[in-house]
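Have a look at the structure below before the remarks.
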Amino acid sequence: MPHTGQLLNLQTPDGRLLPAWAAIPEGPLCGAVVVLQEIFGVNSHIRAVTERFAARGFAAVAPALFYRLAPCDTLGVELGYSDADMQQGRQLKSQAEALPPPGMAQDVGTAVDWLATTTGQKVGAVGFCWGGLLAWRAACSLPQLSAAVCYYGGGMTGPEERSRQPLCPVMAHFGRQDHFIPVDTVLAFDQVQPQAQVFVYDADHGFNCDQRASYDDASALVARDRTLAFLDTQLRT
């Protein structure tokens, strides 16, 4: 059944209030999931993804990871998928990545810890594009994370990122037609990360987002089923 989310503010270790979109289903839970945004903010697509996880029985929360650039008590940045939005999103990502350590990494950890404390469930991370990269980094740095799923994680297949070692099981989805993430780098990632489940689809970057021209229904459905089965296995308490 559809589940409507709500805006929450989570307390970060450095005393800030982190806006987040949360969807917590009633009744028994299958686990908990942190949904990590693309460069477009916690927009309608990311909110819908969060609510779909809740409809499947997962407690889900999507932290607004650009808030350190312009603190506010709302979700802040909500972009679409035009060329202008793409350019703005890339600029925001560059600024966020340039924050002094730990930067937004502590915000990902805040969302993980909040879900674990609030629900008593094992927590996974599912990220898209930039969020896919952040989910990979979280898998390699947060021992409290029980699983990570990375959708076309921009940058995670490069030499520096693929040399990291995950602390939890990882699944990754990539598009064979993705000109942002060359297939040869995906194969290199797969070779040095044999414990990760890596899938390549005949699709473009952003194939999971039904608001983008690159959406591919067949690939999105297969990736969804694989993701849900993976999370059900890894997060079941």
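The values are calculated or read from the model by the stated rules, or taken from the named source; none is laboratory data. Remember, it's a predicted structure, so these values are computed and weren't measured experimentally. Reconstructed Cβ throughout: ideal geometry from the backbone, glycine too, with neighbour counts over all protein chains shown. Ligands, DNA and RNA are stripped out before the accessible areas are found, and what is left, the full protein with its side chains, is counted by its heavy atoms. Shrake-Rupley method; radii C 1.70, N 1.55, O 1.52, S 1.80 Å.
Any residue in segment 145-172 that's over 16 Å from Asp184 (Cβ atoms): show its pairings with residues that are basic (Lys, Arg) at Cβ separation under 6 Å, as long as the two are six or more apart or on different chains.
These pairs meet every condition: Ser146/Lys122.
Report whether or not Val61 is open to solvent by less than 50 Å² (accessible area, probe 1.4 Å), within 14 Å of the chain's Cα centre (by Cα) and not aromatic (Phe, Trp, Tyr).
Working: open to solvent by less than 50 Å² (accessible area, probe 1.4 Å): yes; within 14 Å of the chain's Cα centre (by Cα): yes; not aromatic (Phe, Trp, Tyr): yes.
It is true that Val61 is open to solvent by less than 50 Å² (accessible area, probe 1.4 Å), within 14 Å of the chain's Cα centre (by Cα) and not aromatic (Phe, Trp, Tyr).
Which residues, counting only those in segment 161-208, are among the charged types (D, E, K, R), more than 13 Å from Cys150 (Cβ to Cβ) and not in a loop (DSSP other than H, G, I, E, B)?
Result: Asp184, single match.
Please enumerate the residues belonging to segment 178-200 that are open to solvent by 60 Å² or more (accessible area, probe 1.4 Å) and among the β-branched types (Val, Ile, Thr).
Val192
State whether one or more residues within segment 219-231 are open to solvent by 30 Å² or more (accessible area, probe 1.4 Å), assigned to a helix (DSSP H, G or I), among the hydroxyl-bearing types (Ser, Thr, Tyr) and over 19 Å from Asp107 (Cβ atoms).
For segment 219-231, residues open to solvent by 30 Å² or more (accessible area, probe 1.4 Å), assigned to a helix (DSSP H, G or I), among the hydroxyl-bearing types (Ser, Thr, Tyr) and over 19 Å from Asp107 (Cβ atoms): absent.
Right, Tyr215: more than 16 Å from the chain's Cα centre (by Cα), without any contact (Cβ under 8 Å) to a residue 40 or more places away in the chain and open to solvent by less than 30 Å² (accessible area, probe 1.4 Å) or not? Even if it seems obvious, please write down each step before you answer.
On the way: more than 16 Å from the chain's Cα centre (by Cα): yes; without any contact (Cβ under 8 Å) to a residue 40 or more places away in the chain: yes; open to solvent by less than 30 Å² (accessible area, probe 1.4 Å): no.
No; evaluated as a whole, the condition is false for this residue.
Between Gly153, Gly103, Gly76, which is within 29 Å of Pro182 (Cα to Cα), part of a loop (DSSP other than H, G, I, E, B) and either open to solvent by 20 Å² or more (accessible area, probe 1.4 Å) or at pLDDT below 95 (or both)? Steps first, please.
Working: Gly153 fails: either open to solvent by 20 Å² or more (accessible area, probe 1.4 Å) or at pLDDT below 95 (or both); Gly76 fails: within 29 Å of Pro182 (Cα to Cα).
Only one candidate qualifies: Gly103.
Just to be sure I understand, how many residues within segment 23-64 are more than 14 Å from Leu79 (Cβ to Cβ) and outside any strand (DSSP E or B)? First the steps, then the outcome.
If we filter segment 23-64 for residues that are more than 14 Å from Leu79 (Cβ to Cβ), which is where we start, we get 23-36, 48-63.
Now narrow it down to the ones that are outside any strand (DSSP E or B): 24-30, 48-57.
Summing the residues that are more than 14 Å from Leu79 (Cβ to Cβ) and outside any strand (DSSP E or B) in segment 23-64 gives 17.
Against the definition (surrounded by 17 or more Cβ atoms within 10 Å (Cβ to Cβ), in a strand (DSSP E or B) and either at pLDDT 95 or above or of a type outside the set (Asp, Glu) (or both)), how does Ala20 come out, yes or no?
Numbers: surrounded by 17 or more Cβ atoms within 10 Å (Cβ to Cβ): yes; in a strand (DSSP E or B): yes; either at pLDDT 95 or above or of a type outside the set (Asp, Glu) (or both): yes.
Judged against the criteria, Ala20 is a match.
Among the residues in segment 123-133, are any in contact (Cβ under 8 Å) with a residue 60 or more places away in the chain, crowded, with 16+ Cβ neighbours inside 10 Å, assigned to a helix (DSSP H, G or I) and not aromatic (Phe, Trp, Tyr)? If you could, list the steps in order and put the result at the bottom.
From segment 123-133, those in contact (Cβ under 8 Å) with a residue 60 or more places away in the chain are 123-132; that's our starting set.
Now drop any that are not crowded, with 16+ Cβ neighbours inside 10 Å, which leaves 123-132.
Of the ones still in play, those that are also assigned to a helix (DSSP H, G or I) are 130-132.
From what's left, not aromatic (Phe, Trp, Tyr): 131-132.
Yes, some residue in segment 123-133 is in contact (Cβ under 8 Å) with a residue 60 or more places away in the chain, crowded, with 16+ Cβ neighbours inside 10 Å, assigned to a helix (DSSP H, G or I) and not aromatic (Phe, Trp, Tyr).
Output the residues belonging to segment 28-67 that are more than 18 Å from Tyr151 (Cα to Cα) and free of Cβ contacts under 8 Å to residues at least 12 places away in the same chain.
None - no residue of segment 28-67 is more than 18 Å from Tyr151 (Cα to Cα) and free of Cβ contacts under 8 Å to residues at least 12 places away in the same chain, so the list stays empty.
Looking at segment 22-37, is at least one residue of a type in the set (S, T, N, Q), more than 22 Å from Gln95 (Cα to Cα) and within 18 Å of the chain's Cα centre (by Cα)? Can you show your working first?
Of the residues in segment 22-37, the ones of a type in the set (S, T, N, Q) are 37.
In the following step, the residues that additionally are more than 22 Å from Gln95 (Cα to Cα) were identified as none.
No - not one qualifying residue is present in segment 22-37.
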